[in-house]
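The values are calculated or read from the model by the stated rules, or taken from the named source; none is laboratory data. Only a predicted model underlies this, so the values are computations on that prediction, with no experimental measurement involved. Here the Cβ is made from the backbone with ideal geometry for all residues, glycine too, and neighbour counts use every protein chain on show.
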Amino acid sequence: MNFARLEVMKLPEKSSEAALTAYALARSALFKAEGLIGPAVDFIVNRRIPKTIFSDRELFKAASASMMALMNQDIANITSGVYPIEVLKPGHPLKHLARMPLLARDIVELTKRRRAKKAHQFSSEARELLDGLPEYYQRNFHFQDDGYLSNRSAELYEHQVEILFAGWADAMRRLIIKPLKEKFGLEHDGSGLTFLELAAGTGRATRFVRLAFPKAKIVAVDLSAPYLRKAQQELSEFNHHDFVEANASDLPFKDETFDAVYSVFLFHELPSEERKAVIREAQRVLKPGGFHGLVDSLQLGDVPVFDGALESFPQNFHEPFYKNYIQHPIQDELKEAGVEQVNVTTGFFSKCAFGEKASTR
C-alpha cells in the first residue's frame, strides 16, 4: 500500500466481515511494507542480511495462519458487539507520514547500538528522568533511543510496535477486552466500575478498553512521565481518566480499590522478582471477586511452533528479562499469588491470562 492510499483509508461504513477483512489486510500490508526499512538499514550498516520470520518457511506459514486467526477473532468481536468498530479508527495520515523520517533515523541509531551492544545511552532529556527509577528500567529497551524516557520515544513507540508485528499489535492488545466483557457483561457500559491499567504507556490499550466500557473510570499508571503525557494527549477526547506516574510494584492506592486490574505487554520486561511483586500489588488493590488479567508475549510451549522464534527474540532486541519470562508460565505465577479460575487464550505472538481475586467468605 502506498502513502497516497493511506490518506483515504477509512473505517468501513458497515461492520461486515468482508469490509473489515479488507481494511485489516490493507493496514497490515502498509506496516509490512514499512517493516522493510529495518532490514535494509541493517544491511547497509552491518553488511549482512538479517534473519527475519520470512527466513524460515515453516515459521512463516505458521505465523501467517496465526495472523489470520487473530484477525478473524478480532473481526468476530466487533461484529458480535464485544467492542465497537471505532477501535479500528486509523491515525491521522499526515502524522503517520511525518513520523517516517524519525523512524528511519531511529532505526539507524538502533542498528548501531545493537551492533555495539550498548543499552544505556540516553539524551539529556532522558537522563534528567533517571533518578528514582528502578535500575532494571534504566536502559534502552529494544535498543530504542532513550528507552521509555523521552517525548520522541513516546511519539514513535506505537508505530514501531505495529511495524514489528506487521500491523497486528492492536489486535493483540484487544485480547484483554473479551474476558473483561465476559466478567462484567456484554452490555455493561462500565457505569460504577473502576479499572486500573498497569504500564499504560501511551494509552493505546487504554483507548480500546475505554471504547468497550465508555462509562468506566480508568486509572492509567506508568513509570514514564513522557509516555503518560502522550497518553493524556491521545485520550483527551475521553472523560473518566486519571494518569498516575507510579511503579506497578508499589502502587499508591488503598487495598481493594479496583474492580479490574490489567496490563498489556508489561511482564516480559520485568525481572522475575519484580513480576511477582507486581502481581501481588495488583491483588492487593483489587476488590474481592475482581478481574485480574494481562496480555503479554507467548511463552515456551504455548504455541510450540513459535518456541524457536521466542528464544531468538532477545538476541535481536534488547530484552534482558525475556528469556526468564518465557520459561515461567505467567498463569502459574498468577495462581501462586492467589488468582483463581485462571484461563489462557492466545493470538499470534501474544497470550491473554486472566482470572479473579477470591471473594471474601
Residue check, Tyr262 against (1) surrounded by fewer than 22 Cβ atoms within 10 Å (Cβ to Cβ); (2) under 23 Å from Val339 (Cα atoms), all met but one. Which one?
(1)
Restricting the stretch 146-165 to residues that are part of a loop (DSSP other than H, G, I, E, B) and either in contact (Cβ under 8 Å) with a residue 60 or more places away in the chain or touching a Pro at 6+ places or on another chain (Cβ under 7 Å) (or both), the residue that is surrounded by the fewest Cβ atoms within 10 Å (Cβ to Cβ):
Phe165
Pairing a residue in the stretch 224-236 that is surrounded by 20 or more Cβ atoms within 10 Å (Cβ to Cβ) with any residue that is among the basic types (Lys, Arg), where Cβ atoms lie under 8 Å and the two sit 6 or more apart in sequence or on different chains, gives Leu235/Arg207; Leu235/Arg210
Name the residue, out of Ala4, Ala18, that is modelled with pLDDT under 90, surrounded by fewer than 13 Cβ atoms within 10 Å (Cβ to Cβ) and of a type in the set (Gly, Ala, Ser).
Ala4
Residue count for the stretch 166-207, restricted to those that are surrounded by 21 or more Cβ atoms within 10 Å (Cβ to Cβ) and aromatic (Phe, Trp, Tyr)
2
Restricting attention to the stretch 87-112, which residues are farther than 24 Å from Asp222 by Cα, in a helix (DSSP H, G or I), in contact (Cβ under 8 Å) with a residue 60 or more places away in the chain and not aliphatic (A, V, I, L, M)?
Pro93, His96, Thr111, Lys112
Yes or no: the stretch 183-203 includes at least one residue that is in contact (Cβ under 8 Å) with a residue 24 or more places away in the chain, out of contact with any Asp or Glu (no Cβ under 9 Å at 6 or more places or on another chain), under 22 Å from Leu286 (Cα atoms) and hydroxyl-bearing (Ser, Thr, Tyr).
yes
Heads up, the helices (runs of 4 or more DSSP H) in the stretch 247-361 (entirely inside) with at least 2 residues that are of a type in the set (Ser, Thr, Tyr) are 322-327
Report whether or not Phe291 is hydrophobic (A, V, I, L, M, F, W, C), more than 25 Å from Pro179 (Cβ to Cβ) and buried (at least 17 other Cβ atoms within 10 Å of the Cβ).
no
